[in-house]
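Accompanying notes for the structure given below.
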Amino acid sequence: MDVVKQFESFDFNSYFKSVSAADVLHSLNRDLLSPYDLLNLLSEPALQFLEQMAQKSQKITRQYFGRTIGMYAPLYISDYCSNHCTYCGFNCASDAKRLKLTIDQIKAEAQVISDMGIRHILVLTGEAPEKTPMSYLIEAVEVLKTCFSSIGIEMFPMDEEDYRQLKDAGVDSLTVYQETYDQQIYKQVHLKGKKMDYQYRLLTPERGARAGFRSVNIGPLFGLGEPGSEAFMAGLHAKYLEQTFPDVEISLSLPRMTKAAGGIAPRHTLSDRRFVQFILAWRLFMPRLGITVSTRESARFRDKLLHLGVTRYSAGSKTDVGGYALKDAEATAQFEVTDTRTVDEVTQMIRENGFQPVFKDWEIF
Amino acid sequence: MIPLSKKGIPLSCSALWEEDEKMTNAQNDVLVLGDIEFSSRLFTGTGKFASRDLITPMLEASGSQMITVALRRVDSSEKGDNILNYIPKTVTLLPNTSGARTAQEAVRIARIAREAGCGNFIKIEVITDMQYLLPDNHETLLATEILAKEGFVVLPYMMPDITVTKQLYNAGAAAVMPLGSPIGTNRGLEMKPMIKMIIETSKIPVVVDAGIGRPSQAAEAMEMGADAVLVNTAIATAADPVLAGKAFSYAVKAGRMAYLSSLAETKMQASASSPLTGFLRD
């Protein structure tokens, strides 16, 4: 983790300003990229080489992942939360009605999602362990195992031992976003709750890897910190995890803040160009990295991203508790879905683009 | 998509195909694994294709009689799009244990594969390094021991190592599958000297797996005396996978014929046609 920490006080602003076109080209032509190469590719001058970066990224991605794209869907089972994150619709200061699914309701939701063809599920909760204790989570996993071939969790940071229990129950994948690698901003946007502890969250992915999850997904929430340095820190964090846990598949997501009820507006906006630049820079930095893009992004944009290096898409997503099966749930969405197409529509688009949607790519054993 | 003939062969190479069908296997040269005779020494894979619809025509065009499929991608649920439906019954399934990080996990996956109706063959793939995707020989050996005893026809994917080859033979492996270079790299026979030694000493068939990116590299492996090659990425990610499958089948056949014909070795120095000792008469 020292590799990541040594950049915490790095002067990104000055470095990015010093990057020349020649630096970018040099980094672009290397096979094995250093952290400084990643910085060069994330700099503003690199934008003029976007097409070359895209060509290389496509080539590398085809080599390692083929013309395939993994499919998954999220399942929110509880939106109780004791944290106050200023950007999130689930924050504890919001007086939105809270909902926690019963095991039977989870079963009903799972059935609907599985009928759409989805085999990989990502289960989400807010941070309220008293509402969603381990016994509840394990029971949920037991039910989901009957419908799905892979179970990922995006809940709240846990201790290694808790993760081990979930792993033994059948969870194979962990998603946890650092939100921002800028500790100042982290402090400003996390006003209450356990999530205020930056370090504990930062070390969460590796606790999961140690507990035995075979796949770990991390990422910053774009809209909080300065995008270039956030993309860099996330890339470095991913690389550190890949090198420390060589038997774990590491992936990155790049959620952009979208409107959430009761949430703040983004401090920094990330343009489509830079969004693409980050995907490409990450791919060149880590050829085997998984890159996930959710339905926060628009249909039109996602159709194009397919060719640039992404490896996993969600589809048909509902981001509110009970959104799939509970007709009158009236729950709050965590964020607004932009690509509202059905799973069938998304997979048809993927096929038309010459890619194979892969629904099942794991076996719970 | 390129135009295909009724047989699923690209029209552009149907002439070649007809000619090829006239080619007879004069020496009745077959590879036996388990109880099955394979006249094609090109094994293929199901991963990385732009569409699963390409798998059947690719198999037809390449003549491949064995195809590997990751159990993790087999969805036998009622509504699932089962990849096995794209593989003709005449082609032998080689389920693999992709995703296994220990011998125990590989064993569990193999048993699930058998129960799922994938047959008796199993390619053991235990990988603990996602960066280079190199196999863990130690865990692979442990899994081979267990699965061979359970009656599986075990084909372990391995790092080329002579000692481990012997141990795998003793453990009951049906063949060994040393890698040419890391999976998906298309770098060819980077491990050539080691594979050569394995071919020279192995008591079980040697199938060169992984890293073969071009037909010429497949031919090279076969010329060296490999019993078969497994090619997936190079075929699946070609712009025309059906035509690529065809190209590999020719290469494998040519390489095999060259091996059987015992070509003269290449030499570093010119060799005089009037040798110095030619005057000796008694």
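Where a number appears in this text, it was derived from the coordinates with a stated rule and is not lab data. These figures come from a predicted structure and were not determined experimentally. No Cβ is skipped: glycine too gets one built from the backbone with ideal geometry, and neighbour counts run over all protein chains shown.
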Net charge over other residues, Cβ less than 12 angstrom from the Cβ of A:A169 (K, R count +1; D, E count -1): -2
Cysteines without a disulfide-compatible neighbour (Cβ-Cβ under 4.7 Å), chain A: A:C81, A:C92, A:C147
0 to 90° range, to nearest 10: angle between helix B:192-201 axis and chain B longest Cα axis: 90
DSSP H segments from chain A that extend 24 Å or more along their own axis, Cα-based, with Kyte-Doolittle mean of -1.0 or above: A:227-244
Charge dipole magnitude, Cβ of K and R +1, D and E -1 - chain A, Cα centre, debye nearest 20: 620
Compactness of the stretch A:6-65, expressed as Rg and Dmax over alpha-carbon positions, Å: 12.5, 36
Signed unit charges on C-beta, dipole axis of chain B, positive-most listed residue B:M257, B:V126, B:V231: B:V231
Cα pair distances of the protein assembly as shown binned at 10 Å [whole percent]: 3, 15, 25, 24, 17, 10, 4, 1, 1, 0, 0
Cβ-based exposure ranking for B:D282, A:D303, A:D79, in which fewest neighbours within 10 Å come first: B:D282, A:D303, A:D79
Value of relative contact order over the stretch A:2-358, rounded to a whole percent, pairs C-alpha under 8 Å and six or more apart: 23
Partner chain coverage, peptide B:128-140 - average Cβ within 10 angstrom: 3
Alpha-carbon radius of gyration plus Dmax, which is the widest Cα pair, for the stretch A:315-365 in Å: 14.2, 39
Counting all C-alpha pairs of the stretch A:73-205, share separated by more than 21 Å (%): 42
Neighbouring partner chain Cβ atoms per residue of B:68-78, average, 10 Å criterion: 4
Mean projection area, nm², convex hull over Cα of the stretch A:241-283: 4.6
Rel. contact order, % - alpha carbon contacts under 8 angstrom, at least six apart, the stretch B:167-274: 23
More than 17 angstrom apart: percent of Cα pairs within the stretch A:280-343: 50
For the stretch B:27-260, share of DSSP beta bridges that run antiparallel, in % to the nearest 5: 15
Chain B: relative contact order in percent, alpha carbon pairs under 8 Å with at least 6 residues between: 17
Mean shadow area of chain A, taken as a quarter of the surface of its Cα convex hull (nm²): 16.2
Where only alpha carbons of the stretch A:237-365 are counted, the Rg and the Dmax (Å): 16.3, 47
0 to 90° range, to nearest 10: angle between helix B:215-224 axis and chain B longest Cα axis: 60
Integer Hz, Karplus 6.51/-1.76/1.60 couplings in order for the stretch B:104-111, x for Gly and Pro: 4, 5, 4, 5, 5, 5, 4, 5
Amide H within-cut-off set for A:L174, under 5 Å, with H built and near neighbours excluded: A:I153, A:S215, A:V216, A:N217
Gyration tensor (alpha-carbon) shape descriptor, chain B, a/c threshold 1.5: oblate
